[in-house]
Amino acid sequence: MSDFTNEMKSSNYEKEITNALQRVAEKMPYYQEYRYFEKIVSNHYLSVSRNAIPKIIVLGSGFPEELIVAAGKMPYWILGGSRESSMWADDLVPRDTDPVSRSSLGYIKSGLGKNALILITLVNDSSRKLAYILKSTGHKVQTFHFPPLKDADSIMEWNRQYEACRSALAFHLKKPITKRAIQKAEKEIRYAKRRIREFLEVCEGMIEGTCRMFVLNSYYCADDLSEWSNHLKRLTEKIRRERKYKYRVGVRSKVLLLGSPVYFPNYKIPFLIEDAGLTISVQTDYTTLKMQSGIWQERGEETNYYFNDTSPAYVKNDSFYKQVMRVVSENAIDGVVYHVLKGQIEYDFELERFENLFEMINVPVFRLETDYNYQDVEQLRIRLEAFSEVLNQRRYSKGELAV
Amino acid sequence: MAGRIHTNERQRELFIKKSTRVARSYLNRAKALPGLPDATNPFFDALEDVYIELKDLSEGESKYKKSIGTLCVMVPSELIYAAKARPVRLCSGSYTAYSIGDDYIPRDACPLVKAVMGFGQIQALPAFDQCSLIVAPVTCDCKKKLAGALETVKNIVPVHVPPLKREDADIEIFLRELYRLVPILEEETGEKITARSLAEGICIVGKAQYEMSRFLKYRKHDPALVQGTHVMAVMNAYSYMPAERWTTCMHRLNLEMESRLQKQQFVGKAKQPRILVTGSPIAFPNIKIPLLIEEMGGILAADETCMGERGLYDPVSVIDPGFDGMMRAFASRYTKPCTCPVFVDNSQRIYRIKQMVREHKVQGIVYHVLRGCLVYDYEYQIMEEEFGKMDIPIIRVESDYNEEDVEQLRIRIEAFIELIKLKEYAKHKKGRR
């Protein structure tokens with residue numbers, strides 16, 4: 001590929017990142033404590049076009065990260081949210097591949113995965129085939145698959161893979177990963193998760209859903225987890241202080257964002273939801289739930305962890321269903337936006353069950369299917385505005401809003 | 001997930017009418033191809049019994065206590081025979097069931113999964129309804145979620161298939177799953193699975209594999225002794241016939257092939273383009289791809305699909321004749337040689353197809369992708385590269401369970417066959433110079 005094409009690609013990519021950063025910043029109240037998160041997200045994403053060479057790359061958010069933190073590193077997470085990077089992989093994958101897998105492959109093919117050990121969680125067809133493509137093109141790949149049935153054998157299998165990944169990481173980094181180091185890493189991650197839960201408790205009514213998502217997303221951009229946790233603590237304290245006199249009860253209808261996870265910089269859907277006059281009261285997807293859940297190797301907690309895992313990689317995702325029921329009971333929501341990224345068929349399979357659940361509690365569900373392109377924005381905007389109207393009408397009729 | 005739909009008699013009648021009409025039309029088209037061996041009649045009859053006559057499969061098969069449905073070739077049928085039950089492969093190509101399943105399964109799911117769901121909902125196919133249990137290997141995303149969705153209408157046992165198969169530990173996962181299956185089958189049939197019954201099961205399927213291997217020798221013959229569409233019908237019939245009966249019929253077919261060979265009675269011409277079909281399963285009645293190839297003047301010389309040769313080409317190899325030894329042999333046989341693209345590393349599929357191209361003297365490859373069957377679609381690119389190097393033309397045809405795309409497919413396949421002919425002509429001309 002010519003230098004000119006490469007330059008064009010990287011300039012389009014940078015534009016995509018900076019635009020998304022700018023739009024999120026416009027929504028965020030001016031807090032000094034927030035700047036850190038902006039900085040790390042910007043550094044993380046823009047490092048792609050600045051020839052960063054990470055040592056460990058993780059595809060997907062399901063990987064037991066304590067193994068990497070124990071090795072004294074933070075993994076370079078590739079969550080696959082970029083439209084531009086998904087276009088870099090257009091020629092390598094079938095037409096119907098989901099945009100997350102496309103984008104992830106695009107990142108690696110841009111040169112990011114040259115010397116790295118790539119850790120892939122095998123949760124769906126695309127992740128399996130991505131692992132094959134990367135292996136066959138000479139990349140170092142270590143897979144971690146989620147057994148689709150939750151039983152004692154699966155836990156055994158999970159443990160075996162955990163040890164295999166530990167050995168692969170130690171071999172790659174030329175450094176043993178000791179039990180003590182893992183315990184220390186677990187402590188660090190648990191601390192971060194506590195900070196996340198505290199943050200989520202104080203955000204409501206103070207910052208918009210997109211900004212909350214952005215701060216949570218920055219977890220996957222941090223080079224130093226302790227530093228990130230401390231910054232989040234500071235931001236939480238700031239919001240808590242402000243809350244005393246700035247908290248306002250929203251007049252907008254509150255929605256639960258469910259389904260395919262939304263990753264930065266593809267904030268098309270949250271932006272549209274908020275532009276349509278709705279508030280993302282809470283988002284419940286695998287990545288967000290995992291950020292708040294426990295850690296695999298907490299002694300005696302393996303079974304609990306596994307049985308509560310909410311990945312769509314299972315035949316029956318009862319734990320996800322239960323988590324959604326909990327979220328619904330704890331938050332007063334007016335409607336549900338069920339987000340399906342094209343090609344992520346598992347989420348579409350689960351929709352019917354959720355439709356039945358929300359029908360029982362009389363909450364309207366709005367399914368939208370999209371990818372990372374912008375061609376459908378106006379159509380989605382009209383549909384979301386109509387949904388917003390429906391929710392407002394329902395609130396008027398219930399007497400929650402003044403006529 | 002919603003339970004079974006409540007259909008009235010009228011809806012069922014309409015479904016049956018439409019479904020049998022499509023099956024009959026494909027069966028007649030297949031039979032109308034020249035050179036139909038007389039010995040293939042029982043196989044066609046079996047398909048007719050299932051899809052047109054809607055017959056009770058247990059009639060005259062009292063030795064089997066139950067019918068156990070399977071949703072993939074990765075379920076060891078030996079294990080089911082050992083439990084004195086008969087396996088019925090439920091992967092279907094029914095267009096009518098597909099349109100019923102379409103209401104219950106997401107739009108982008110593969111048609112095969114929709115057809116299975118459709119039969120689960122409509123209760124109009126005795127072969128499906130008679131299965132007291134369905135063993136569903138969790139292979140691709142659609143089958144994984146289908147196992148969860150079908151739970152409301154059928155007794156389902158999902159079986160975890162490891163995504164890797166290189167190490168012993170990977171095979172151990174599948175072995176554990178097979179051991180989990182044993183008491184479930186025993187409870188279902190009331191028969192104890194013993195080392196002896198396992199050995200009997202291996203013998204039953206082994207004989208079928210032996211006849212299949214004999215048949216493959218005839219299939220390799222150039223000019224062809226038998227049309228590929230007829231072979232696809234024979235292979236599809238294996239899903240619904242007890243293995244012993246299938247083996248007996250196959251033996252007769254082999255005798256007829258031998259006699260044809262001796263009489264030099266070929267169905268193919270000397271320069272007829274020899275084509276291999278690979279990719280998504282070709283399940284009856286959706287046999288439009290093989291039919292189009294042969295109606296357009298090609299000969300379907302080989303197939304690398306799970307409803308075709310793949311299901312029967314490797315026998316179980318038992319080293320230790322004890323119970324555990326045989327179970328290990330199943331775990332190994334049903335994963336290691338399997339060229340299904342659900343495995344992370346599936347490079348052996350390329351070797352297998354290359355081997356088939358050589359042995360069957362294949363001149364072109366039709367790569368069949370069912371809409372939504374992503375795993376096969378992923379492997380197309382590498383196939384294109386590999387066979388490009390060998391100068392073997394390959395064409396990707398994407399299809400669905402309906403007849404709307406038939407004419408478009410016909411034009412593309414016809415052009416592909418013309419291309420092979422021209423290529424061979426040019427090669428021949430160059431050789432003469």
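Among the residues of segment B:178-193, those that are closer than 10 Å to B:A83 by Cβ and touching a residue at least 24 places away in the same chain (Cβ under 8 Å) comprise B:L181, B:V182, B:I184, B:L185, B:E186, B:E188, B:T189, B:G190, B:E191, B:I193.
From the list B:K389, B:K429, B:K423, the one residue that fits, being touching a residue at least 12 places away in the same chain (Cβ under 8 Å) and not acidic (D, E), is B:K423. Within segment A:379-394, is there a residue that is more than 14 Å from every other protein chain (Cβ to nearest Cβ) and in a strand (DSSP E or B)? Within segment A:379-394, not a single residue is more than 14 Å from every other protein chain (Cβ to nearest Cβ) and in a strand (DSSP E or B).
Return the total of residues in segment B:194-220 being free of Cβ contacts under 8 Å to residues at least 60 places away in the same chain and in contact with a Leu (Cβ under 9 Å, 6 or more places away or on another chain). Looking only at that region, the number is 3. Among the candidates B:E404, B:E414, B:E424, the residue that is at pLDDT 95 or above, away from chain A (no Cβ under 14 Å) and over 30 Å from B:V318 (Cα atoms) is uniquely B:E414.
A:G72 meets the conditions (1) of a type outside the set (V, I, T); (2) within 14 Å of another protein chain (Cβ to nearest Cβ); (3) in a loop (DSSP other than H, G, I, E, B); (4) over 17 Å from A:Y372 (Cβ atoms) in every case but one. The failed one is (2). Residues that are surrounded by fewer than 16 Cβ atoms within 10 Å (Cβ to Cβ) and part of a helix (DSSP H, G or I) within segment A:327-354 comprise A:S329, A:E330, A:E352, listed in sequence order. Filtering segment A:323-353 to residues that are without any contact (Cβ under 8 Å) to a residue 40 or more places away in the chain, away from chain B (no Cβ under 12 Å) and within 15 Å of A:D285 (Cβ to Cβ) leaves A:Q323, A:R326.
Quick check on segment B:382-397. Is at least one of its residues surrounded by fewer than 20 Cβ atoms within 10 Å (Cβ to Cβ), more than 14 Å from chain A (Cβ to nearest Cβ) and touching a Pro at 6+ places or on another chain (Cβ under 9 Å)? Checked against the condition, which is being surrounded by fewer than 20 Cβ atoms within 10 Å (Cβ to Cβ), more than 14 Å from chain A (Cβ to nearest Cβ) and touching a Pro at 6+ places or on another chain (Cβ under 9 Å), segment B:382-397 yields no hits at all.
The helices (runs of 4 or more DSSP H) located wholly in segment A:87-181 that include 1 or more residues which are at the interface with chain B (Cβ under 10 Å from one of its Cβ atoms), farther than 19 Å from A:D309 by Cα and aromatic (F, W, Y) occupy A:125-136. The residues in segment A:59-111 that are crowded, with 23+ Cβ neighbours inside 10 Å, within 24 Å of B:E379 (Cα to Cα) and of a type in the set (A, V, I, L, M, F, W, C) can be counted, and the count is 7. Just a yes or no: is a residue in segment A:81-103 touching a Ser or Thr at 6+ places or on another chain (Cβ under 9 Å), modelled with pLDDT under 90 and among the small types (G, A, S)? Scanning segment A:81-103 turns up no residue that is touching a Ser or Thr at 6+ places or on another chain (Cβ under 9 Å), modelled with pLDDT under 90 and among the small types (G, A, S). Taken residue by residue, segment A:306-318 has no member that is touching a strand residue (DSSP E or B) at 6+ places or on another chain (Cβ under 9 Å), at negative phi, modelled with pLDDT under 90 and part of a helix (DSSP H, G or I). Here A:R367 qualifies as within 14 Å of chain B (Cβ to nearest Cβ), under 26 Å from A:V100 (Cβ atoms) and at pLDDT 95 or above. Looking at B:A301, B:A331, just one residue is within 14 Å of chain A (Cβ to nearest Cβ), farther than 30 Å from A:G343 by Cα, touching a residue at least 40 places away in the same chain (Cβ under 8 Å) and crowded, with 21+ Cβ neighbours inside 10 Å, and that residue is B:A331. Just the residues that are within 16 Å of A:G62 (Cα to Cα) and not charged (D, E, K, R), please, taken from segment A:150-163. Answer for segment A:150-163, where residues must be within 16 Å of A:G62 (Cα to Cα) and not charged (D, E, K, R): A:S154, A:I155, A:W158, A:N159, A:Q161, A:Y162.
Residues that are outside any loop (DSSP other than H, G, I, E, B) and under 26 Å from A:Y347 (Cα atoms) within segment B:145-176 comprise B:K145, B:L146, B:A147, B:G148, B:A149, B:L150, B:I156, B:V157, B:P158, B:V159, B:H160, listed in sequence order.
Within segment A:304-322, the only residue that satisfies the criterion of being within 14 Å of another protein chain (Cβ to nearest Cβ), surrounded by fewer than 18 Cβ atoms within 10 Å (Cβ to Cβ) and farther than 30 Å from A:E389 by Cα is A:D318.
If the condition is being free of Cβ contacts under 8 Å to residues at least 60 places away in the same chain and surrounded by 11 or more Cβ atoms within 10 Å (Cβ to Cβ), then segment B:398-415 contributes B:E398, B:D405, B:Q408, B:I411, B:R412, B:A415.
Among the residues in segment B:113-135, are any within 14 Å of chain A (Cβ to nearest Cβ), touching a strand residue (DSSP E or B) at 6+ places or on another chain (Cβ under 9 Å), farther than 26 Å from B:T189 by Cα and not in a strand (DSSP E or B)? Within segment B:113-135, not a single residue is within 14 Å of chain A (Cβ to nearest Cβ), touching a strand residue (DSSP E or B) at 6+ places or on another chain (Cβ under 9 Å), farther than 26 Å from B:T189 by Cα and not in a strand (DSSP E or B). Return yes or no: is A:Y372 under 20 Å from the mean Cα position of the chain (by Cα), of a type in the set (S, T, Y) and within 14 Å of chain B (Cβ to nearest Cβ)? So A:Y372 fails the test. Among the candidates B:A169, B:A127, B:A136, B:A147, the residue that is surrounded by fewer than 19 Cβ atoms within 10 Å (Cβ to Cβ), at negative phi and in contact with a Lys or Arg (Cβ under 9 Å, 6 or more places away or on another chain) is uniquely B:A169. On inspection, B:D108 qualifies as within 9 Å of chain A (Cβ to nearest Cβ), touching a Gly at 6+ places or on another chain (Cβ under 6 Å) and charged (D, E, K, R).
Of everything in segment B:335-352 that's crowded, with 18+ Cβ neighbours inside 10 Å and among the charged types (D, E, K, R), which residue is nearest to the other protein chains (Cβ to nearest Cβ)? Among residues in segment B:335-352 that are crowded, with 18+ Cβ neighbours inside 10 Å and among the charged types (D, E, K, R), the one nearest to the other protein chains (Cβ to nearest Cβ) is B:R349.
The set of residues from segment B:124-146 being of a type in the set (A, V, I, L, M) and without any contact (Cβ under 8 Å) to a residue 40 or more places away in the chain comprises just one member, B:V138. The set of residues from segment A:370-402 being buried (at least 17 other Cβ atoms within 10 Å of the Cβ) and in contact with a helix residue (DSSP H, G or I) (Cβ under 8 Å, 6 or more places away or on another chain) comprises A:T370, A:D371, A:Y372, A:L380, A:L384.
Considering only residues in segment B:57-78 that are assigned to a loop (DSSP other than H, G, I, E, B) and hydroxyl-bearing (S, T, Y), the one that is surrounded by the most Cβ atoms within 10 Å (Cβ to Cβ) turns out to be B:Y64. Considering (1) surrounded by fewer than 21 Cβ atoms within 10 Å (Cβ to Cβ); (2) hydrophobic (A, V, I, L, M, F, W, C); (3) within 14 Å of chain B (Cβ to nearest Cβ); (4) under 30 Å from B:Y378 (Cβ atoms), the lone condition that A:M360 does not fulfil carries the number (4).
The values are calculated or read from the model by the stated rules, or taken from the named source; none is laboratory data. What you are looking at is a predicted structure, and each value in this text was computed from that prediction instead of being measured. A quick note on method: Cβ atoms are made from the backbone with ideal geometry, for glycine too, and the neighbour counts reach across all protein chains shown.
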